[in-house]
1. Output the residues belonging to segment 91-115 that are closer than 22 Å to Val68 by Cα, free of Cβ contacts under 8 Å to residues at least 60 places away in the same chain and not in a loop (DSSP other than H, G, I, E, B).
2. Test Ser342 against the stated conditions and say whether it is closer than 20 Å to Ala243 by Cβ and not assigned by TED's automatic domain parsing to the domain that holds Gly51.
3. Looking at segment 30-46, is at least one residue under 21 Å from Phe161 (Cβ atoms) and out of contact with any strand residue (DSSP E or B) (no Cβ under 6 Å at 6 or more places or on another chain)?
4. Tally up the residues in segment 9-35 that are in contact with a Gly (Cβ under 7 Å, 6 or more places away or on another chain) and under 20 Å from Phe181 (Cβ atoms), please.
5. Scan segment 223-231 and tell me whether some residue there is under 21 Å from Arg376 (Cβ atoms), surrounded by 16 or more Cβ atoms within 10 Å (Cβ to Cβ), of a type in the set (Ser, Thr, Tyr) and in the same structural domain as Glu348 (by TED's automatic domain parsing).
6. Name the single residue, out of those in segment 308-354 being under 19 Å from Glu238 (Cα atoms) and in contact with a Pro (Cβ under 7 Å, 6 or more places away or on another chain), that is surrounded by the most Cβ atoms within 10 Å (Cβ to Cβ).
7. Kindly provide the set of residues from segment 355-366 that are surrounded by fewer than 18 Cβ atoms within 10 Å (Cβ to Cβ) and small (Gly, Ala, Ser), ordered by number.
8. Which members of segment 140-173 meet the condition of being acidic (Asp, Glu) and either surrounded by 20 or more Cβ atoms within 10 Å (Cβ to Cβ) or part of a helix (DSSP H, G or I) (or both)?
Amino acid sequence: MTTFKELNVSAPVMKALEAMGFEEATPIQAETIPHANEGKDVIGQAQTGTGKTAAFGIPMIEQFDKKVRAIQGLVVAPTRELAIQVAAEINRLGKFKGTRALAVFGGQHMDRQIRALKDNPQIVVATPGRLLDHIRRRTIRLNEIKVAVLDEADEMLNMGFIDDIKDILKQIPEQRQTLLFSATMPKEIREIATTLMKSPTEIKVKAKEMTVENIEQFFMEVPERFKFDTLTNHFDIESPTLAIVFTRTKKRVDEITDGLQVRGFRAEGIHGDLTQGKRSSVLNKFKHRSIEVLVATDVAARGLDISGVTHVYNFDIPQDPESYVHRIGRTGRAGKTGEAISFVTPREMPHLRLIEKVTKSSMKRIVPPTNSDAARGKQQAIADNISKAIEKENLKQYTETATALLNEHDSVSVVAAALKLLTKERSDVPVRISSVQPISVKTGGGRGGRGGRGGGRGRGGRDSNRRPQGGGKRFYGKRGNQGGGGNRRKGNYQKRRGNK
């Protein structure tokens, strides 16, 4: 895997990437960015969810001059939803460079868009029909365009936009750079590549299929602010022997590690800012089980090969399906079984479904455990150990004292006291984890992108800008009372696992 630092990304863009929680480039980014930075035309064949926006957005941001008061980059997208999401991501990437993108699409008042265009964004992300309307009105001029991007070209072909695309490209200066991305390459798209692009470099990225068969995959739908408590509750119930917790930023590695230590877990973290010596020391402790939880970013865990990992937690869902496969492959090795549990915020549910689709895997929904579940889980673990001791241990030297206790107290009180003394109480210190931007999936979706003619009507199809449905939401009240729960034993919690 390649880091963005290895791709020679500028400091302002690197700062934006770190704020977004990204250190490691996806395959389409790693292969596209160097060619695009050299000014070459590129054809990228990759599925949705592989990180295409940053693949073309970063090179655009790097070469545009914020002082030039004209549109320098154009992205054509099939739907209004995709246009909005692409523009939002480019704005996050260009935050510290001063580069701005504007989404232009049908269904929105033309006057409002014209006013926004007068603020001179460097990049316009537009649906084909509305873009042509602006070109005819001369409210968008293409004479300063340096880079033109066609995103999800096959979807635009399916929606009948192919002639519009050709018209648009023919009006952009020939000395432009053209980047085309498509999941498939039908002949009509190939024709654009051969007639309207200059010796394009072809990049083809195929998403990995799930190859690890010994891993049970689960997910919990958890609002961001409840993730940490959910993690520690799950630890108490499952008692993982060795667990890796993946998160997206170095800051969150440090915060989660500190929080786990405060709560009484043996945890250490690794990320790119650690020296090689410190990293090796932490990994050595993990291998020899002097710590039970390793908190890591993707980059820091690259090449990690430790046997015996029982659980992998995606505290933050990864940005692409390949990273998901890479992460969960840390468990279920050498014929042993393992578990992978992903924490997903309601807004990220469509991205989870995309990972399932691309990796051809299925994750079972489990209900986030409450504090009461965790307390019962710890007690049940001690009870199980007591049962094993009764079956296997020689207890003769303890029977006299046990008999004396039972003569003074009832048996239930004696066992309850033993459970209380043996159960390790966790610190209830509040832990605050800094938030990260939710990952949203860019769906090709509906056909609402061509609106705008005569009052902004869509072209024959449903509105593609509907909110995705998260499904299965739980009510979350105060800490420790997340939607009900109550006095459930560990066994009852486990019965709830698998309700997808």
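The values are calculated or read from the model by the stated rules, or taken from the named source; none is laboratory data. Only a predicted model underlies this, so the values are computations on that prediction, with no experimental measurement involved. Positions of Cβ are generated from backbone atoms using ideal geometry, with glycine treated the same way; all protein chains shown enter the neighbour counts.
1. If the condition is that a residue be closer than 22 Å to Val68 by Cα, free of Cβ contacts under 8 Å to residues at least 60 places away in the same chain and not in a loop (DSSP other than H, G, I, E, B), then Asn91, Ala101, Leu102, Ala103, Val104, Gln113, Ile114, Arg115 are the ones that fit.
2. Details: closer than 20 Å to Ala243 by Cβ: yes; not assigned by TED's automatic domain parsing to the domain that holds Gly51: yes.
Yes; evaluated as a whole, the condition is true for this residue.
3. So in segment 30-46, the residues under 21 Å from Phe161 (Cβ atoms) come out as 41-46.
Subset that is out of contact with any strand residue (DSSP E or B) (no Cβ under 6 Å at 6 or more places or on another chain): 46.
Looking through segment 30-46, at least one residue is under 21 Å from Phe161 (Cβ atoms) and out of contact with any strand residue (DSSP E or B) (no Cβ under 6 Å at 6 or more places or on another chain).
4. Count: 4.
5. yes
6. Filtering segment 308-354 for residues that are under 19 Å from Glu238 (Cα atoms) and in contact with a Pro (Cβ under 7 Å, 6 or more places away or on another chain), the one surrounded by the most Cβ atoms within 10 Å (Cβ to Cβ) comes out as His311.
7. Ser362
8. Step one: list which residues in segment 140-173 are acidic (Asp, Glu), which gives 144, 151-152, 154-155, 163-164, 167.
Matches in segment 140-173: Asp151, Glu152, Asp154, Glu155, Asp163, Asp164, Asp167.
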